[in-house]
1. Given just the C-alpha atoms of region 311-409, how large is their convex hull per residue in cubic angstrom?
2. How large, in Å, is the chain by the Kirkwood hydrodynamic radius built from its alpha-carbon pairs?
3. If you put +1 on each Lys and Arg Cβ and -1 on each Asp and Glu Cβ, how big is the dipole of region 614-676 around its Cα centre, in Debye rounded to 20?
4. What does region 141-282 give for Rg and for Dmax, in Å, if only its C-alpha atoms count?
5. Please compute one quarter of the surface area of the Cα convex hull for region 199-254 and express it in square nanometres.
6. Which listed residue (Val525, His443, Ser419) has the Cα farthest towards the positive end of the charge dipole for the chain, taking +1 on Lys and Arg C-beta and -1 on Asp and Glu C-beta about the Cα centre?
7. Return one number: the angle in degrees, 0 to 90 and rounded to the nearest 10, between the long axis of the Cα atoms of helix 330-346 and the longest principal axis of the Cα atoms of the chain.
8. Which is farthest toward the positive dipole end of region 544-624 among His613, Gly559, Gly602, measuring Cα position about the Cα centre, with Cβ charges +1 (Lys, Arg) and -1 (Asp, Glu)?
Amino acid sequence: MKKSYFFVIMLLLSTTVAQAQGDMESYISKLMEKMTLREKIGQLNLLPGADITTGNAQNNPLAQQIAKGDLGGVFNVKGVDKIKALQKVAVTQSRLHIPLIVGMDVIHGYETVFPIPLALASTWDLDLISRTAQVAAKEATADGICWTFSPMVDICVNPRWGRIAEGAGEDPYLGARVAEAMVKGYQGTYSKYNMMACVKHYGLYGASEAGREYNTVDMSRLRMYNQYFPPYKAAAEAGAGSYMSSFNVVDGIPATANKWLLTDVLRQQWGFNGFVVTDYNSIAEMRAHGVGDDETNAVKALTAGTDMDMTSQVMLNNLEKAVSDGRVSKADINTACRRVLEAKWKLGLFKDPYKYCDAKRRAHDILTPENLSVARQAAAESFVLLKNEGNLLPLSKSATIALIGPLADTRNEITGPWSVAQVPDKYATLKESMELALKGKGHVIYAQGSHIYDDPAMKKFNPGLAGKFANGDSKQLLNEALEAARQADVVVAALGETAGMSGEAGSRANLELPDAEAKLLRALVATGKPVVLLNFSGRPTLLNWESEHVNAIMNVWFGGTETGDAICDVLFGDRQPEGKLTVSVPRSVGQLPLYYNHLNTGRPVEDGDNTLHPYSTSYLDVPNSPLYPFGYGLHYTTFEYSPVELSAKSMTADGSVTASVDVTNTGKRDGYETVQLYIRDRIASISRPVKELKGFSRVFIKKGEKAHVEFTISRKELSFYNSDLKEVVEPGEFDIMIGANSMDVKKAVLNVTE
């Protein structure tokens, strides 16, 4: 009876889905029959918004384009009233009343700002990551937004690239899981509290040469499929509604006009059925790549699989002529137009163009206590404790603390890049949070201590960046900091990058602390007082001197709205540090690109072997290994791992086994541990990585107790793309590794038969 009932329910659901699909196709077909060629091309045009009110709509150039039917969507307009005014023009003044799609760069939250995506990934908490996307969607849709240019799922192994801050790090498996969580969190069921995701930057954008923004990308397709494609593919399979093409070339062809990338792989191989939008002005920028003139590039982009042109208007200005010249067919334009209209249908805009324009929602859906609580939890879970000499942390709330550094009393800089909707005056600084946390108990002595940069060359090259926190004499600032340190029990140094030093156009050739901050930190250590470094950053930074001389180091990234309170939660032991690195922290920029899942060579040096081996892959002046490995992160307690147990020593390629360990909390505090599974294919038809993350489990273990953690190993954990780009499992021996990070693992051997 139960089985029959289940099948009836599934039949009804499939019938409902099919009916909805049929309704959409029928509605859009009838609408498109009424549309002129120009109106169809207009749906492919996306422009940034401008201030508009109901009273001046007639004279607004953007509104005039909307009324003519020359615009399918707008983006980066903040304010539900402005968006409603634009939407009103579309549905009352355009000939066919087609609603706009409204997008924004909601990258890590709206007015409630969450940690940057790299920090969110460091939580390894997929439910929490999805929850942050849900909250971001709820807030953005309360202000009129229905489409976000997120998640960014680019793999990056070179932290000189500033946009590493916007992704999940260096690993394809973790990146894929984060991509799924974000897409599902944003989109949900496309209720009024959900918005459409836009997966970017497709593809391979994170592999830009030398880590320079917008730079060339060149790699084998074998590497694409095995290392860089998995997160994009996972997002498609999770139902992402749209993708954004990237600025870079792929196989020498700009991604925006790469048919193999946009059609053969994305649509035909992965089954993506949404629409593709370009990145900002990228069709126009194809000329700089040496590809062609505007009409040629409009045709190339459209026929490759691009559906919407962001800002360049090259499609709007050239496709009609291209049709008359016989260079592109009306069918190609119809296909792209249909995809854009289908997105609007999925969002419910044809049924209710003002679905996301309820001004009453702002009061009860944005910056709520519930949203701020999620942000505080996410920030606290994202912090990665790198060093804790003598268990200096957590600090006592009755201590006298010298809080020193240019990032200790700022609101704008600690939320991070791409906080486009932030309202800093509503957030607390770290200084304010610490004073509140210690009120009636301890004491905070604050000093700015330094500028960011003192280097005259930096001031000349980048005066805007060098000018931040430039008020005050450097010597006087330092003296004030040293005096504060002398009066304190412990020094907490809030140093690192400012928000503008990472993110788009935030590439850096030098990843060390800026010179003024480094000078300050060395002087603080020289006082002999214990020093805690809070390292603010949007990427892995060089911490060689710091790791040797500073007592405790915690990477706090850019934690968003609740950074100050979350830092105090962890600093004073109300919460444990739980984050784990999703990137390898280098010893030198000369090691870059650096990543744990590298291939071996004919003369390999084992991971963790820091001795010099002549005529090998060793450097002469620095070990091969990272300073801190992928997956690394300390806690206020300790965990011990048992040997790995396999339910069977062998399996067929289509079978499965269970790998397990017991993890014991050997410390004095309860806490979470992220248990990580790595696999190595010892011998294959192509060279395979020395290890690959294939699973993880975040488990809570009370002090003195142990948890039994199991992983199922099946075909999907063992497969890879071979030289023919076919996904295969090849028989042979596999190392099954489980541990606390990518270097500290226990190992067993599994034999896989045909």
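1. Working: hull volume 27.9 nm³, N = 99.
Looking at region 311-409, the number lands at 282 Å³ per residue.
2. For the chain, inverting the mean 1/r across all distinct Cα pairs yields 27.4 Å.
3. My answer is approximately 80 debye.
4. According to the Cα coordinates of region 141-282, Rg and Dmax are 14.2, 44 Å.
5. Reported value for the Cα convex hull: 3.7 nm².
6. Ser419
7. Result, in degrees: 60.
8. Highest projection toward the positive end goes to Gly602.
The values are calculated or read from the model by the stated rules, or taken from the named source; none is laboratory data. Keep in mind that what you see is a predicted model, and the values were worked out from it rather than measured. Using ideal geometry, Cβ is built from the backbone for each residue, glycine included, and neighbour counts are taken over all protein chains shown. In case anyone asks, the SASA skips ligands and DNA or RNA and just uses the protein heavy atoms, side chains included. Shrake-Rupley method; radii C 1.70, N 1.55, O 1.52, S 1.80 Å.
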